[in-house]
Amino acid sequence: MVLDDRVKRGPSLADSVAGRIRADITSGTYAKGDKLPTERVLSEKYGVSRPIIREAIGSLKRDGLVATRQGLGAFVIETKEVAFRLAGVDLTDALDVQNVIELLMAVESAATALAAERRSEKQLQEIERRLKAIQSAFDNGEAGVEEDLAFHREIVDACGNPHFREMSDFLESHVRNFIRKARASTLRNALLEQVQSEHVAIYNAIAKTDPQEARLAAEDHLRGAANRLRLLLSGSNEEPL
């Protein structure tokens, strides 16, 4: 009996395809470093359109199993099943993005409070350096997204718990593209001063070793980020609160 690899159509078609490819990765069909078949080959294998394949690959990228290289395709970077993943999240849906941001807020506000308690002077200097790098990017008319992410990573590292970094990186990977778009919108709306003032408040609380103030500052910043993302997704021109 010949088995048909093609996936039956349904409401979660891309998830079904991603599940098939994920199983092939974790079972060893594709090893770490292997290049996945082309979109055309996968499309024919599973009997779905190439956009569905791209969506499935995007899901595997968010799970940290594959990475894409421009002009070369998708490659396996991890063969172990991800212990935690956000199933069924639609990152074009404002509510789903809001929910991810809320989870990120819970993780990063706690990490920021711990950083205020545990940071060393060297770590504080590095956080300050990252803060200044954001301002330099803004002064040069740049979005400063990478500098912003580096600032927050430095804070999470300073909390002294590597699991916070792993979770923060995972959640951040889901909204990074939206952070970039929201920051571009922020540039157009001349709101960079507000964003940086939120960063400064976080830094000052960590410098004072005040965990409660640090937690509140981080929450305030992430609420602002969530609001900016909400406005971006809604296409609104209103000013963030």
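The values are calculated or read from the model by the stated rules, or taken from the named source; none is laboratory data. In this text, all values refer to a predicted model and were calculated from it rather than measured experimentally. No Cβ is skipped: glycine too gets one built from the backbone with ideal geometry, and neighbour counts run over all protein chains shown. Only protein heavy atoms, including side chains, enter the accessible area calculation; ligands, DNA and RNA are left aside. Shrake-Rupley method; radii C 1.70, N 1.55, O 1.52, S 1.80 Å.
Determine if the range 30-40 includes at least one residue that is surrounded by 17 or more Cβ atoms within 10 Å (Cβ to Cβ), in contact with a Gly (Cβ under 8 Å, 6 or more places away or on another chain), outside any helix (DSSP H, G or I) and at pLDDT 90 or above.
yes
Determine which single condition LYS45 fails, assuming it passes every other condition in (1) surrounded by 15 or more Cβ atoms within 10 Å (Cβ to Cβ); (2) modelled with pLDDT of 90 or more; (3) touching a Ser or Thr at 6+ places or on another chain (Cβ under 8 Å).
Among (1) surrounded by 15 or more Cβ atoms within 10 Å (Cβ to Cβ); (2) modelled with pLDDT of 90 or more; (3) touching a Ser or Thr at 6+ places or on another chain (Cβ under 8 Å), the lone unmet condition for LYS45 is (3).
Hey, among ILE179, ILE155, ILE134, which residue is in a helix (DSSP H, G or I), surrounded by 15 or more Cβ atoms within 10 Å (Cβ to Cβ) and modelled with pLDDT under 75?
Numbers: ILE155 fails: modelled with pLDDT under 75; ILE134 fails: modelled with pLDDT under 75.
Answer to the check: ILE179.
Exactly one of these conditions fails for SER168: (1) polar (S, T, N, Q); (2) modelled with pLDDT of 90 or more; (3) open to solvent by less than 10 Å² (accessible area, probe 1.4 Å). Give me its number.
Answer for SER168: the failing condition is (2).
Tell me, yes or no, whether the range 93-105 has at least one residue that is surrounded by fewer than 20 Cβ atoms within 10 Å (Cβ to Cβ) and more than 30 Å from LEU13 (Cβ to Cβ).
Yes, the range 93-105 contains a residue that is surrounded by fewer than 20 Cβ atoms within 10 Å (Cβ to Cβ) and more than 30 Å from LEU13 (Cβ to Cβ).
Given the conditions (1) at pLDDT below 85; (2) open to solvent by 60 Å² or more (accessible area, probe 1.4 Å), and given that LEU86 satisfies all but one, which numbered condition is not satisfied?
(2)
Which one is surrounded by the most Cβ atoms within 10 Å (Cβ to Cβ) among residues in the range 48-68 that are assigned to a helix (DSSP H, G or I) and among the β-branched types (Val, Ile, Thr)?
Start the filter on the range 48-68 by keeping residues that are assigned to a helix (DSSP H, G or I), which leaves 50-62.
Those left that are additionally among the β-branched types (Val, Ile, Thr): 52-53, 57.
Numbers: ILE52: 21, ILE53: 26, ILE57: 23.
Once the filter is applied, the top-ranked residue is ILE53.
Output the residues belonging to the range 138-152 that are over 23 Å from ALA111 (Cβ atoms) and either of a type in the set (A, V, I, L, M, F, W, C) or not in a helix (DSSP H, G or I) (or both). Write out each step before concluding.
Pass one, the range 138-152, residues over 23 Å from ALA111 (Cβ atoms): 138-143.
Those that are over 23 Å from ALA111 (Cβ atoms) and either of a type in the set (A, V, I, L, M, F, W, C) or not in a helix (DSSP H, G or I) (or both): PHE138, ASN140, GLY141, GLU142, ALA143.
Of everything in the range 116-131, what is surrounded by fewer than 18 Cβ atoms within 10 Å (Cβ to Cβ), closer than 25 Å to GLN194 by Cβ and either touching a Gly at 6+ places or on another chain (Cβ under 9 Å) or in contact (Cβ under 8 Å) with a residue 60 or more places away in the chain (or both)? Give them in sequence order.
GLU128
Where the second residue is modelled with pLDDT of 95 or more and in a helix (DSSP H, G or I) and the first is open to solvent by 70 Å² or more (accessible area, probe 1.4 Å) and lies in the range 189-214, which pairs have Cβ atoms under 6 Å and are six or more apart or on separate chains?
So the pair list comes out as THR209/ALA116.
Out of the range 196-212, which residues are over 15 Å from GLU108 (Cβ atoms), assigned to a helix (DSSP H, G or I) and either modelled with pLDDT under 70 or not polar (S, T, N, Q) (or both)?
Across the range 196-212, the qualifying residues are VAL200, ALA207.
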